[in-house]
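Please read the structure below before turning to the comments.
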C-alpha cells in the first residue's frame, strides 16, 4: 500500500524538524490552508507516545496562530480525519464567511462561487509568523 504523505511533501514546506513538517496546501479556493504532517507513518495521535503528542500539538497550534495572524479569517477549522489518507496529519484551514463552502466543511457541497483572499508573498508571511508563534521551542 502506498501513502501519499510518506511519498510526497504534501505541499510547499514552510517548516520542518525531525518529527513533522508544516506545509502550505496548493488550493486556490483556500489560500493559507496548511497541514501539519507527521514524518513517520502512523494513523492515530495515540500512536505518537506521550513525548511526541505535546510536541506535535504545539506545532499544530503554532500553525493555527500563524494562519490567524496572516490571514485574519472569520474562523479556523482544525481537522484530523485520516479516513482517505490514514497518515497522521492535521488540517489548519482559514475560513471566511464568503468562501465557497461556509458554513459547511470545505469537503462538503459548495454554497457559492466564493471570493478567496489574495495575499502577496503568502508563503513567506506564513513562514515568518509560524517561526514567531513556535518561538525557540523547537529548532528547525
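Bear in mind these aren't lab numbers, they're just calculated from the coordinates by the rules spelled out. Keep in mind that this is a model prediction, so the values were computed, not measured. Neighbour counts are summed over all protein chains in view; Cβ atoms, including those assigned to glycine, are modelled from backbone coordinates with ideal geometry.
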Looking at this structure, is residue 65 touching a residue at least 12 places away in the same chain (Cβ under 8 Å), loosely packed, with under 13 Cβ neighbours inside 10 Å and within 13 Å of residue 32 (Cβ to Cβ)? no
Residues of the range 7-24 classified as in contact (Cβ under 8 Å) with a residue 40 or more places away in the chain and surrounded by 15 or more Cβ atoms within 10 Å (Cβ to Cβ), total: 8
Among the residues of the range 31-41, which ones are surrounded by fewer than 21 Cβ atoms within 10 Å (Cβ to Cβ) and out of contact with any helix residue (DSSP H, G or I) (no Cβ under 7 Å at 6 or more places or on another chain)? 39, 40
Among the residues of the range 42-58, is there at least one that is closer than 30 Å to residue 116 by Cβ and out of contact with any helix residue (DSSP H, G or I) (no Cβ under 9 Å at 6 or more places or on another chain)? no
Condition first: under 21 Å from residue 29 (Cβ atoms) and touching a residue at least 60 places away in the same chain (Cβ under 8 Å). Can you find one or more residues in the range 74-87 that meet it? yes
Could you say whether any residue in the range 129-137 is within 24 Å of residue 4 (Cβ to Cβ) and surrounded by 15 or more Cβ atoms within 10 Å (Cβ to Cβ)? yes
Residues of the range 23-82 satisfying the condition of being under 10 Å from the mean Cα position of the chain (by Cα), farther than 24 Å from residue 7 by Cβ and part of a loop (DSSP other than H, G, I, E, B): 32
Among residues belonging to the range 93-122 that are surrounded by 15 or more Cβ atoms within 10 Å (Cβ to Cβ) and under 14 Å from residue 68 (Cα atoms), point out the one that is nearest to the chain's Cα centre (by Cα). 93
